[in-house]
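Remarks on the structure that follows.
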Amino acid sequence: SASNFETIALKERELSRALRDVSAAYPEYVSLQQVSIANLALVQSSLPERTTLVEYFIIGDEVLVFIISRSEAKVVRSLCSASRVLSHQERLGFQLEKFMLGNDYVSAHSNQILESTKRHLHELHRNLMAAFVNEIRTPHLTIVPHSSLHFLPFHAFYEGEKYLIDDYEISYAPSASVLKYCLEKADVPEKSPLLIAVADENAPLVQEEVARLSRLFPNARVLRDESATREAFIENCRTAAFV
């Protein structure tokens, strides 16, 4: 109805006015609310020489992928069936959920869980990576999933002898446009990393992980367990190089 359209137009004007008001104090937040679509040339010019962007897209039951570096770009159509990937994703999730059954169950069935998990990770690698990964010449991959692919651990895909993370540095981005915005941000000078570690029965080795990271980043600040409060996080992340 006409009144509905008038209400929508009013809310759009209010949103635009609110974004203008906060733009001076929070320019990064505003840019993320109004992020524009980056064309191929802009994405390529922003990419570091050592990075290849791997961006997936699902159309119906077809999974396709864009592979973009500073010097070239290609698309692989009909990479695999989206329904097949979803099936392996659900089976992988079923294996990982077994860790919720407790340490006794996991200890008694660890070999079976490992082999089943590796089998599904291998199938995901075969469907989503194998067709093009050997053509990539950069040491760093930035992966942009789409739809349900956001829930997949691409870095853990298994090619039969190694995992993807054994051959490449892996990072993720929600979109090429947001990635371009992040790459254009200046480095945070002379700031230390922030490590946050809260251990529980489902993640008992968190303290060991943070101890190893602390050796890699000796100037890092660490929030452990009870000290990892929301207030402490907000205060420390303001001056953190990364979290």
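The values are calculated or read from the model by the stated rules, or taken from the named source; none is laboratory data. Small disclaimer: the values here were computed from a predicted structure and weren't measured. Reconstructed Cβ throughout: ideal geometry from the backbone, glycine too, with neighbour counts over all protein chains shown. The accessibility values were calculated without ligands, DNA or RNA, using every heavy atom of the protein model including side chains. Shrake-Rupley method; radii C 1.70, N 1.55, O 1.52, S 1.80 Å.
Here are some notes:
- Candidates A211, A186, A232: the one that is closer than 25 Å to L42 by Cα, without any contact (Cβ under 8 Å) to a residue 12 or more places away in the chain and out of contact with any helix residue (DSSP H, G or I) (no Cβ under 9 Å at 6 or more places or on another chain) is A186.
- Pairs with Cβ under 7 Å, 6+ apart, first in segment 38-60 and closer than 20 Å to N127 by Cβ, second open to solvent by 30 Å² or more (accessible area, probe 1.4 Å): E55/F66; Y56/H146; F57/H146; I58/H146; I58/S147
- Consider segment 117-140 and keep the residues that are assigned to a helix (DSSP H, G or I) and either charged (D, E, K, R) or more than 22 Å from the chain's Cα centre (by Cα) (or both). The one that is surrounded by the fewest Cβ atoms within 10 Å (Cβ to Cβ) is E135.
- The single condition among (1) of a type in the set (G, A, S); (2) touching a residue at least 60 places away in the same chain (Cβ under 8 Å); (3) in contact with an Asp or Glu (Cβ under 7 Å, 6 or more places away or on another chain) that S69 does not satisfy is (3).
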